[in-house]
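Take a look at the structure below.
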Amino acid sequence: MGGDWFLAVLLEQPRTSVREYARILGIARGTLQARLDRLERDGVITGYAPSLSPAALGHPVLAFVHIEVTQGHLDDVGDALAAVPEIIEAFSITGGGDLLTRVVARDNAHLEDVIQRLIQVPGVVRTRTEMALPERVPYRMTPLVASVGREAAVSRGS
């Protein structure tokens, strides 16, 4: 059985036990556990935490904040951003800016407060904020897993 099917089942039924996964996939529990261990070790599986909704936690406003950083201060600014709970992700980027953050807030006034805190971080030169409108494609991995499985099947068939 291909790894793509295994990953698809994990994604579609994340709260299933290892024993049940083995039954669904038709493989021995020990074999399944070995695959899980390998996928964790290889960094394919990065965690088992539940997916939480910032909106349901009282933070329905989502914005993307681009941050320009003084040269040589990227690590320091990154460390400072990690201390801001409303920043739920931050990436180093190319293009217009040095960092892209995903920021959540209770309302627009709270978002402004968060941005004002960011501007005060030593090394932050300027920010540019883009408000998010309705999500068009939610975070997902199943289509990618299926695509990787199809590509692998084509490669094996070549």
Quick check on my filter: what residues within segment 90-106 are among the small types (Gly, Ala, Ser) and within 13 Å of MET131 (Cα to Cα)? ALA105
Where the second residue is among the hydroxyl-bearing types (Ser, Thr, Tyr) and surrounded by 10 or more Cβ atoms within 10 Å (Cβ to Cβ) and the first is assigned to a strand (DSSP E or B) and lies in segment 115-137, which pairs have Cβ atoms under 7 Å and are six or more apart or on separate chains? VAL125/THR70
Identify all residues within segment 25-46 that are part of a helix (DSSP H, G or I), surrounded by 13 or more Cβ atoms within 10 Å (Cβ to Cβ) and modelled with pLDDT of 90 or more; write none if there are none. ARG29, LEU32, GLN33, ARG35, LEU36, LEU39, GLU40
Odd one out for LEU74 among (1) under 24 Å from LEU100 (Cα atoms); (2) exposed (fewer than 10 other Cβ atoms within 10 Å of the Cβ); (3) in contact (Cβ under 8 Å) with a residue 24 or more places away in the chain: (2)
Screening ASP107, ASP113 for residues that are more than 24 Å from the chain's Cα centre (by Cα) and of a type in the set (D, E, K, R) leaves only ASP113
Test: ARG19 is surrounded by 14 or more Cβ atoms within 10 Å (Cβ to Cβ), charged (D, E, K, R) and more than 22 Å from the chain's Cα centre (by Cα): no
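The values are calculated or read from the model by the stated rules, or taken from the named source; none is laboratory data. Worth saying up front: this structure is predicted, and the values here are computed from it rather than measured. So basically every Cβ, Gly included, is an ideal-geometry build from the backbone, and we count neighbours across all protein chains shown.
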